[in-house]
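The values are calculated or read from the model by the stated rules, or taken from the named source; none is laboratory data. Predicted model, so just to flag it, every value in this text is computed and none were measured. We place every Cβ from the backbone using ideal geometry, glycine too, and count neighbours over all the protein chains shown. With ligands, DNA and RNA removed, areas are computed over all heavy atoms of the protein, side chains included. Shrake-Rupley method; radii C 1.70, N 1.55, O 1.52, S 1.80 Å.
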Amino acid sequence: MSVRRQIATLFAVVSCFAAATVGATEAAEVVALGASNTYGKGVNRGEDFPAQLEAMLRAKGVQASVANAGINGDTTAGMLSRFDSAVDGSTRVLVLQPGGNDARKGAGDQRAGNIGAIMAKASQRRIKVVMVENGMFRGLPHQVDGVHLTPEGYRMLAASLLPRVMGGLRR
């Protein structure tokens, strides 16, 4: 292979890498903050609702990224403590899934206050909040544990959130 051809090939590879990296390092415009049903416990990466929501947005022509800031077993206190690291200046919509771990871990009395503090922080930054309460999981396909959704359940949840997220991005 000639030196010219090697340089041209190297330039093409670097250009493709640079183009891919620009999209990959952009901050997320939508952040899904929550517990295991946000993380997607029990399903493959890409089958969780944040990933499926991003795919649905893109299919609608909305080039927004959705960051999955879900942690298995997290409580609202944990979500509040990591709000600043999960949400940055480019975030326009916060999908908040507080889950039921507060009650399971004996901190149910703190849930409302923590959610209020998260909502206040989002409001100060002019971020639209889309709530995902536990009731939204009723009637959706669950895994055998009865708590976490199947890939199809996460797809159905993402589809139900899509109009509200799109509305928040249009503001």
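The table below gives the values:
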item: Subset of region 51-72 (residues that are buried (at least 17 other Cβ atoms within 10 Å of the Cβ), of a type outside the set (A, V, I, L, M, F, W, C) and either part of a loop (DSSP other than H, G, I, E, B) or free of Cβ contacts under 8 Å to residues at least 60 places away in the same chain (or both)); result: GLU54, SER65, ASN68, GLY70
item: Check on ALA55, over 16 Å from the mean Cα position of the chain (by Cα) and at pLDDT 95 or above; result: no
item: Criterion (modelled with pLDDT under 95 and in contact with a strand residue (DSSP E or B) (Cβ under 8 Å, 6 or more places away or on another chain)) met by exactly one of GLY99, GLY135; result: GLY99
item: Residue ID - least open to solvent (accessible area, probe 1.4 Å), chosen from residues in region 110-126 that are of a type outside the set (Gly, Ala, Ser) and in contact with a helix residue (DSSP H, G or I) (Cβ under 8 Å, 6 or more places away or on another chain); result: ILE118
item: Complete set of residues in region 73-99 that are at positive phi and open to solvent by less than 10 Å² (accessible area, probe 1.4 Å); result: GLY99
item: Some residue of region 120-131 being modelled with pLDDT under 95 and either over 17 Å from the mean Cα position of the chain (by Cα) or within 14 Å of PRO50 (Cα to Cα) (or both); result: no
